[in-house]
Amino acid sequence: MSNKPLLPTTEALRALDQAHHLHPFTDVGAYQKSGGRIVTRGEHIYFYDSEGSKVLDGMSGLWCCNLGYSQPKIVEAIHEQLQVLPFYNNFFQCSNDMAVKMAEAMAQVTPEHLNHVFFTNSGSEANDTNIKIVHRYYQILGKPEKKHFIARNNAYHGSTVAASSLSGMTFMHDQYTGIDYVHHIQQPYYFGEGGDLTPEEFGLQAARELEKKIEELGEDKVAAFIAEPIQGAGGVIIPPDTYWPEIQRICNEHDILLISDEVICGFGRTGSWFGCQTYGFKPDLMTFAKAVTNGFQALGGVMISDKIAEVLAQGKGDFAHGMTYSGHPVACAAGLATLDILRSQHTIENMAKEIGPYFEQRWKSLEDHPIVGEARAKNMVAALELVKHKGSKERLAPNAAASIVCRDQAIKEGLLVRAVGEAMVCAPPIVCSKQDIDTIIERMFRALDYTAKQYL
Ligand code: PLP
């Protein structure tokens, strides 16, 4: 007889999960009845569940395992750090060596003018930090009334109270009262909201919504505009080329700080290190998290421009903000190992030359399918819109039911993609091969065929 302990069965795990575990962004009552998939192992670009299914992870975990699940150098760095210094904080005139090295590395890999970092444990906390940095900045400059933030409809900036307020998803706002100095404007969603305009005209129009909002609130009251270079969780909203240059002009002319939330776009997703580089704009602050450690440790933060850091340094007294684990040495060790892989192997540059364009081209070919109204992609992030009739934008079923059918079928085909409204979303690891991408497209196509059969 083997001495190996018996693994709990899926049924036993599921029962415990339903009894004790409240899940993020999940219908509590429905989940307690249905339970879910229990993932037990990850390897390269695949995960395995407790029932033995092997699924190609078209979402890189939760947009974070950009290098896939098998990265022994990151694991070794975590292991080593745990043996040397498993914890030390960065409060009270103290630092730990890993946080120092990680701060320097982040200054090196981010745009030239971003040389200062405040570490957090997540993207949500980093966006809360943005608000506090911006308010402190204007206080020191003697303009405390400049405190309003403008964000976009359907944006996702996290789920703490302040980050939820910045987020523009109405279903989130329905459940709690957000902070009252955040305002939302139109998203640059051409397929859904472009009407009869060309993409270029629509990009300018959507950007000018920012100018209108600034004028409505008063330039002396508006502190900052925050946006994702490509809106990810909102359904991969890829802006027309005219959008970001116009946003930059408006922020410059109206003296509004520009915050790029790079939690999804950062670390290669859009073909450059950061989404602001892909679109050629210059943020004053930049939020990062997720892929900074390849998802292996909880680390996030804000990159701060020299201009803002100089002002913060003039403030009297403590900057009253920080988390116990800000700059946790183990998380920073994981981050350093991740950046080391990206830099020494030129992962992002190589991927942007070959695999990114290949994925874009193959994903866009899905537009040939009769129920796909638009297939859009930028490097390794993509979405497609499900429709009943090409050209009409009429949807297949009410309440976005078809996208759920398509997502569930894709999992049966061995591919995890996400359903966001009427869109199917995919952001696979950037280490996919061409063959892996062909597999993604074949499986996605079969899921689309199945969905078409249900509704047409
Ligand atoms: N910002 C963006 C653009 C995100 O996509 C997310 C999470 O998906 C967040 C912020 C929040 O990050 P976290 O879940 O680490 O708090």
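Miscellaneous remarks
- Screening the candidates N127, N121, N96 for the property of being touching a helix residue (DSSP H, G or I) at 6+ places or on another chain (Cβ under 9 Å), surrounded by 23 or more Cβ atoms within 10 Å (Cβ to Cβ) and farther than 16 Å from K307 by Cα yields one hit, N127.
- Meets criteria (over 25 Å from the mean Cα position of the chain (by Cα), aromatic (F, W, Y) and either modelled with pLDDT under 95 or part of a helix (DSSP H, G or I) (or both)) for Y450: yes
- Members of the stretch 339-356 that are over 14 Å from P429 (Cα atoms) and assigned to a helix (DSSP H, G or I): L339, D340, I341, R343, S344, E349, K353
- Residues that are within 11 Å of the ligand (Cβ to nearest atom) and closer than 16 Å to E193 by Cα, drawn from the stretch 237-260: none
- Checked against (1) touching a residue at least 24 places away in the same chain (Cβ under 8 Å); (2) within 14 Å of M59 (Cα to Cα), H369 meets all criteria but (2).
- Where a residue in the stretch 231-246 is on the phi > 0 side of the Ramachandran plot and its partner, wherever it lies, is modelled with pLDDT of 95 or more, with Cβ under 6 Å and at least six apart: G235/A383; G235/V420; G235/G421; G235/A423; V236/V381; V236/A383; V236/V425
- Residue among L285, L299 that is within 12 Å of the ligand (Cβ to nearest atom) and touching a helix residue (DSSP H, G or I) at 6+ places or on another chain (Cβ under 9 Å): L299
- Among the criteria (1) within 13 Å of the ligand (Cβ to nearest atom); (2) of a type outside the set (D, E); (3) assigned to a strand (DSSP E or B), the one I150 does not fulfil is (1).
- Qualifying residue in the stretch 191-212 (condition: within 16 Å of the ligand (Cβ to nearest atom), acidic (D, E) and surrounded by 15 or more Cβ atoms within 10 Å (Cβ to Cβ)): no
- Residue match in the stretch 120-138 (condition: touching a His at 6+ places or on another chain (Cβ under 8 Å) and aromatic (F, W, Y)): no
- Screening D27, D57 for residues that are buried (at least 16 other Cβ atoms within 10 Å of the Cβ), out of contact with any Lys or Arg (no Cβ under 8 Å at 6 or more places or on another chain) and charged (D, E, K, R) leaves exactly one candidate, D57.
- Inter-residue pairs, beta-carbon under 8 Å, first farther than 21 Å from A334 by Cα and of a type in the set (A, V, I, L, M) and in the stretch 53-66, second modelled with pLDDT under 95 and within 16 Å of the ligand (Cβ to nearest atom), 6+ apart: none
- Remark: pairs (first residue in the stretch 253-277, touching a residue at least 40 places away in the same chain (Cβ under 8 Å) and in a loop (DSSP other than H, G, I, E, B); second residue more than 12 Å from the ligand (Cβ to nearest atom) and acidic (D, E); Cβ separation under 8 Å; 6+ apart in sequence or on different chains) = I256/E219.
- Where K290 falls short, out of the listed (1) without any contact (Cβ under 8 Å) to a residue 24 or more places away in the chain; (2) within 13 Å of the ligand (Cβ to nearest atom): (1)
- Those residues of the stretch 215-242 which are more than 16 Å from D180 (Cα to Cα), over 25 Å from the mean Cα position of the chain (by Cα) and not in a loop (DSSP other than H, G, I, E, B), in sequence order: E215
- Search result, residues across the stretch 32-77 that are touching a helix residue (DSSP H, G or I) at 6+ places or on another chain (Cβ under 7 Å) and part of a helix (DSSP H, G or I): Q32, W63, K73, I74, A77
- Hey, D306 within 18 Å of L114 (Cβ to Cβ), away from the ligand (no atom under 16 Å from the Cβ) and of a type outside the set (S, T, Y) or not: yes
- Matching entry among G327, G295 (being of a type outside the set (A, V, I, L, M, F, W, C), at pLDDT 95 or above and within 15 Å of V431 (Cα to Cα)): G295
- Residue, surrounded by the fewest Cβ atoms within 10 Å (Cβ to Cβ), within the stretch 357-403, restricted to residues that are of a type in the set (S, T, Y) and assigned to a helix (DSSP H, G or I): S365
- For the stretch 160-177, filtered to residues that are assigned to a helix (DSSP H, G or I) and among the hydrophobic types (A, V, I, L, M, F, W, C), the residue that is farthest from the ligand (Cβ to nearest atom) is F171.
The values are calculated or read from the model by the stated rules, or taken from the named source; none is laboratory data. Worth saying up front: this structure is predicted, and the values here are computed from it rather than measured. Virtual Cβ from ideal backbone geometry, glycine too; neighbours counted across all protein chains shown.
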